[in-house]
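The values are calculated or read from the model by the stated rules, or taken from the named source; none is laboratory data. Not measured: the values here are computed from a predicted model. Reconstructed Cβ throughout: ideal geometry from the backbone, glycine too, with neighbour counts over all protein chains shown. Accessible surface areas use protein heavy atoms only, side chains included; no ligands, DNA or RNA. Shrake-Rupley method; radii C 1.70, N 1.55, O 1.52, S 1.80 Å.
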Amino acid sequence: MEIIKKPKFVMPPTKGATHELREWLLNTVYDRSHLKDQPGYKLLEASNKFNQGIYIVEGNFARDGYKLALQEASAAGLSTKRVIVYGVTSTYSGHGIFFTKFEELGVMVPAFAYASGPSQSIEPACAAA
């Protein structure tokens, strides 16, 4: 008999960052009292007490996504030495990138998310400094 695991969260079948996914992830992984929300960015969602950015990518995290994460960190006055990223997949890695797949957290991901993400021609939307 096969045991089917029920997902902890089902990612909505629409493109674009969803408030529900953001809230679920930040509340599940972190003690929110230690986070500062970072509104107004494409990927940057919050920062921790170590001045590190927490980024949520609803597709593939690639080199363009990393560049955008660094731009957003700089604009928010955060450290660029370490980025904490949650997403569907990652095709870019390196020292200082801590990536966790949504599936590892129990998030059911719709098929469209495997072909989308910030690796597709990004326009930086950093908040005004």
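Quick check on my filter: what residues within region 47-71 are open to solvent by 10 Å² or more (accessible area, probe 1.4 Å) and closer than 16 Å to ARG22 by Cα? Quick ask: steps written out before the conclusion?
Applying the first criterion (open to solvent by 10 Å² or more (accessible area, probe 1.4 Å)) to region 47-71 yields 48-52, 56, 58, 60, 62-64, 66-67, 70-71.
Result: ASN48, ILE56, GLU58.
Determine if region 103-121 includes at least one residue that is at pLDDT 90 or above, assigned to a helix (DSSP H, G or I) and not aromatic (Phe, Trp, Tyr).
Checking region 103-121: not a single residue is at pLDDT 90 or above, assigned to a helix (DSSP H, G or I) and not aromatic (Phe, Trp, Tyr).
Six or more apart or on different chains, Cβ atoms under 6 Å: show the pairs whose first residue is in region 48-76 and within 16 Å of GLY94 (Cβ to Cβ) and whose second is open to solvent by less than 10 Å² (accessible area, probe 1.4 Å) and assigned to a helix (DSSP H, G or I).
The qualifying pairs are GLY53/ALA73; TYR55/ALA69; VAL57/GLY65.
Exactly one of (1) free of Cβ contacts under 8 Å to residues at least 24 places away in the same chain; (2) surrounded by 15 or more Cβ atoms within 10 Å (Cβ to Cβ); (3) not aromatic (Phe, Trp, Tyr) is unmet by LYS36. Its number?
Status for LYS36: all satisfied but (2).
Please give the number of the condition SER74 fails out of (1) at pLDDT 90 or above; (2) closer than 19 Å to HIS19 by Cα; (3) open to solvent by 30 Å² or more (accessible area, probe 1.4 Å).
(2)
Restricting attention to region 55-102, report how many residues are assigned to a strand (DSSP E or B) and among the small types (Gly, Ala, Ser). Can you show your working first?
The initial filter retains those residues of region 55-102 that are assigned to a strand (DSSP E or B), namely 55-61, 79-90, 97-101.
Filter again for among the small types (Gly, Ala, Ser), leaving 59, 79, 87, 90.
The number of residues fulfilling the criteria is 4.
Restricting attention to region 28-60, and to residues there that are aromatic (Phe, Trp, Tyr) and more than 16 Å from GLU72 (Cβ to Cβ), which single residue is modelled with the lowest pLDDT? Steps first, answer last, please.
To start, the set of residues in region 28-60 that are aromatic (Phe, Trp, Tyr) comprises 30, 41, 50, 55.
From the residues that got through so far, the ones that are more than 16 Å from GLU72 (Cβ to Cβ) too are 30, 50.
Working: TYR30: 91, PHE50: 95.
Per the criteria, the residue is TYR30.
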